[in-house]
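Taken together, the values in this text are just the output of simple stated rules run on the coordinates, not laboratory data. Every value quoted in this text rests on a predicted model; they were computed, and no experiment measured them. Neighbour counts run over all protein chains shown; Cβ positions are idealised from the backbone, glycine included.
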Amino acid sequence: MRTLKQGFTLIEMLVVIVILGILVGAGLGAYGHFMEQARQKNAADVCAQLAAAWTTYHNDVGFWPDAVKRSGTQEMDTDMCAILGKAGAFDVMYIDSSNSNDTASGLKRNRDSESELRYGLLDPIGLKRFRQGMSGNAVTDHLYQFVLDDDEDGVIELPSEVGGGTVRADAAVWCWPEDEADRNAGITYAQSW
């Protein structure tokens, strides 16, 4: 009588490993795509919140703050975050820094984000670059951008960098994609207007 060995052959093991590799590869691709969609959705939500915050500010106070330019594109830097935070129109907790001329030292976001204390409100790409240790323009090019209704007629002239034209709104907010060619073509990563 012969005894039969129980177990897998080398070929069977290799087939299983190849199948698992294909499944993991497909899963990682889908995961990366899912995460990018989540980042883009988050950026779109922040754009909508910022547009609503500027509209709320104007409705409550009746005018735009002096620190805001009367026309043209601006960035959500620490000064702009502080304005909305002090007015209670945005998710920013403002701590009075009477002893300091540095606006950033008087600004503390509820999420306690170091990048927002240093630069302002960064989009997901800017946050990723900041966490990778980048600084300067590589990071500040990814602050949320906005244009306000400077003549208060309910119509905004969009800058040419985002395609131009007019929209009916008090505030238009957007952020840029990572690819410079897409940005130069006026393609936004997320927008609200």
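For the range 1-94, applying the loop criterion from DSSP together with a ceiling of 16 other beta carbons within 10 Å to the chymotrypsin sites (Phe, Trp or Tyr not before Pro) yields Phe8, Phe63. Computed extension gain for Leu23 through Asn184, at 0.36 nm per residue and net of the alpha carbon distance, reaches 54.2 nm. Computed from backbone phi with θ = phi - 60° and the Karplus coefficients 6.51, -1.76 and 1.60, the 3J(HN,Hα) list for the range 18-34 is 5, 4, 4, x, 5, 5, 5, x, 5, x, 5, x, 5, 5, x, 5, 4 Hz; x is used for glycine and proline. Under 5 Å from the amide H of Asp150 lies no amide H of any residue 5 or more positions distant or on a separate chain, with H modelled from the backbone and absent for Pro and chain starts. Multiplying the residue separation of Asp151 and Ser71 by 0.36 nm and subtracting their alpha-carbon distance yields 27.9 nm. For GluC sites (Glu not before Pro), the sites in the range 115-158 that DSSP calls loop and that have at most 14 other Cβ atoms within 10 Å are Glu152. Of Leu158, Leu14, Leu50, the sequence from fewest to most neighbouring Cβ atoms within 10 angstrom is Leu14, Leu158, Leu50. Residue-wise HN-Hα couplings along the range 77-89, as the Karplus relation 6.51 cos²θ - 1.76 cosθ + 1.60 with θ = phi - 60° gives them from phi, are 7, 5, 5, 5, 4, 5, 4, 5, x, 5, 7, x, 9 Hz; Gly and Pro carry x.
Taking GluC sites (Glu not before Pro) across the range 1-78, none is in a DSSP loop with at most 16 further Cβ atoms lying within 10 angstrom of its Cβ.
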